[in-house]
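Below: the structure, in structure tokens.
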Amino acid sequence: MSPPSLFRALLAVVLLAGAPAGCASIDNAPVNRPSALPRLTQVNTVAGDDTLRTTMVGLAFSGGGTRAAAFSHGVLKGLDQIEAPDGGRAIDQVRFVSGVSGGSVTAAWFGLKGRAGLGDFESRFLYRDAEEALRTRVYSVGNLVRALDGGVNDRSGLPTWLEKNLFGRATLADLGRPGRPVVWINASDINGKTPFIFEPVTFAAICSDYGSYPLAEAVAASAAVPIVFAPVVVQNWSEKCGFKLPGWLEAQAKDRSTSPIVRSYLKTLEGYREPGKVKYVKLLDGGLTDNWGLAGFNIQLAAAPEPYKPLTREDAIALETFLFVVVDAGRNVAGDWTKTLEGPNAQELLDAVADTAVDSAVRSSFEVMRLQMKLWEQKLKAWRCSLDPAEVARVRGTAEGWSCDKVSIRLERVAFEDLGGARAATLGRIPTRFKLEPDQVKMTVEAGEAVARSVIGPALAR
């Protein structure tokens, strides 16, 4: 459903708010399983191949429907064309991928298939109509009733379509195979008002089995725009196990110097442990709390018990350059109302308010990330300089030529604006929906390839 259609649906809901709800049934019963022995760590940190590399990359794919999925896919294709500083292709250097909403589709597919998945993602998703299974009729009485009940589309819509056409019966466990990056899919806990990150510690806090959760459901939760979609529901089984936040995480939750996004996330996890407080976690679009998908990596950095985490010890010893790239598929402000006395109209106003809230939040999150990266660089250098040269030699084959403080950690953002001119303006007006015209898909994928070559490639070479 496009933003104008969403606006009209919301307006209809407001007008009918006093009407009694009907008997439309929403299918969003939880599918997560309880676990008495929750896993607390995600051990896979090897991407592309198992070669230790001096250059490593992290990626965050923003929200934005198929526009975001296409732009992030183009970036991956561009990385596959760039020669890495220490051999191979830049795509082989990718250690971490975070995805929100439309960006989570690309993140999950890359996590599942690796570089081999670049070949058919366009035909299986980008050029398909992922809205074909959705209820999109704005003035349908049934849809209005469903909207009043919490959401027009449920499991029979996007989750089922994603399972049938893209992910099959893959689960979160399938993201943890050797040769794949660590992947964080981000939704929003609308009660806790915090990101809900599909990762083992989150599932441990609700005593649920992380590995068996369907990948299609996680991606659908990340993309569940309010009203258009009913919340994806996850059951809290906290009475089933004796999970307790590790001491270092409890300390981070209480430390007033911890960044607000990390503290609130950890407080939410603690809240899941209080009997009777949260029986069901209701999830909607990850963009509501973090449209650039930075929370996962921010939290990993702030809450890590060792200075080198979330890298492996071996990766941290080999590392010289770590580049984290935010792939921002944000759109331009629609309408010409800044040129006239009249306007904005109601639709333009709704879009502007939503975009302003999202942009303000992501800018703050980006600055937190920048500070976290600088702190991580300092901690990593101090840790490396405390190592026994024998361990360095064991990991690298030799300690010769290795300098403990030769580590550079950088943060970059790529966006349509990097292309400049009319091209950037056209890309920024592509709608946020899961059905685009073929020329819009082609243009957006090519834009991703272009920014990878013009921005990411030179950044890796510095």
Q: Among residues belonging to segment 401-433 that are open to solvent by 20 Å² or more (accessible area, probe 1.4 Å) and of a type in the set (A, V, I, L, M, F, W, C), point out the one that is farthest from residue 56 (Cα to Cα).
A: 422
(Q) Regarding segment 262-269, can at least one residue be identified that is among the aliphatic types (A, V, I, L, M), open to solvent by 10 Å² or more (accessible area, probe 1.4 Å) and either touching a His at 6+ places or on another chain (Cβ under 9 Å) or in contact (Cβ under 8 Å) with a residue 40 or more places away in the chain (or both)? (A) no
Q: Select from segment 383-436 the residues that are closer than 30 Å to residue 71 by Cα, free of Cβ contacts under 8 Å to residues at least 60 places away in the same chain and not in a helix (DSSP H, G or I) and list them in ascending order.
A: 420
Q: Can you give me the number of residues within segment 65-95 that are over 17 Å from residue 110 (Cα atoms), open to solvent by 10 Å² or more (accessible area, probe 1.4 Å) and either small (Gly, Ala, Ser) or in a helix (DSSP H, G or I) (or both)?
A: 2
(Q) Can you tell me how many residues within segment 234-248 are crowded, with 21+ Cβ neighbours inside 10 Å and under 23 Å from the mean Cα position of the chain (by Cα)? (A) 2
Q. What residue, among those in segment 301-320 that are open to solvent by less than 20 Å² (accessible area, probe 1.4 Å) and closer than 19 Å to residue 180 by Cα, is nearest to the chain's Cα centre (by Cα)?
A. 310
Q.
Go through (1) modelled with pLDDT of 70 or more; (2) surrounded by fewer than 19 Cβ atoms within 10 Å (Cβ to Cβ); (3) touching a helix residue (DSSP H, G or I) at 6+ places or on another chain (Cβ under 7 Å); (4) not aromatic (Phe, Trp, Tyr) for residue 298 and report which single condition fails.
A. (2)
Q.
Looking only at segment 437-462, how many residues end up being within 12 Å of residue 69 (Cβ to Cβ) and under 20 Å from the mean Cα position of the chain (by Cα)?
A. 3
Q: List the number of the failed condition for residue 227; all other conditions in (1) farther than 23 Å from residue 176 by Cα; (2) at pLDDT 95 or above hold.
A: (2)
Q.
Quick test for you: out of 100, 145, 152, pick the one residue that is among the aliphatic types (A, V, I, L, M) and either closer than 24 Å to residue 446 by Cα or modelled with pLDDT of 95 or more (or both).
A. 100
Q) Out of segment 285-306, which residues are assigned to a helix (DSSP H, G or I) and among the small types (Gly, Ala, Ser)? A) 286, 287, 295, 296, 302, 303
Q) Could you give every pair whose Cβ atoms fall below 8 Å, whose first residue belongs to segment 98-123 and is surrounded by 24 or more Cβ atoms within 10 Å (Cβ to Cβ), and whose second residue is assigned to a helix (DSSP H, G or I) and charged (D, E, K, R), counting only separations of at least 6 or pairs across chains? A) 102/67
(Q) Quick check on residue 258: is it of a type in the set (Ser, Thr, Tyr) and in a helix (DSSP H, G or I)? (A) no
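The values are calculated or read from the model by the stated rules, or taken from the named source; none is laboratory data. These numbers were taken from a predicted model, which means no experiment stands behind them. Please note: Cβ atoms are built from the backbone with ideal geometry, for glycine as well, and neighbour counts cover all protein chains shown. The area values use the complete protein model at the heavy-atom level, side chains included, leaving out ligands, DNA and RNA. Shrake-Rupley method; radii C 1.70, N 1.55, O 1.52, S 1.80 Å.
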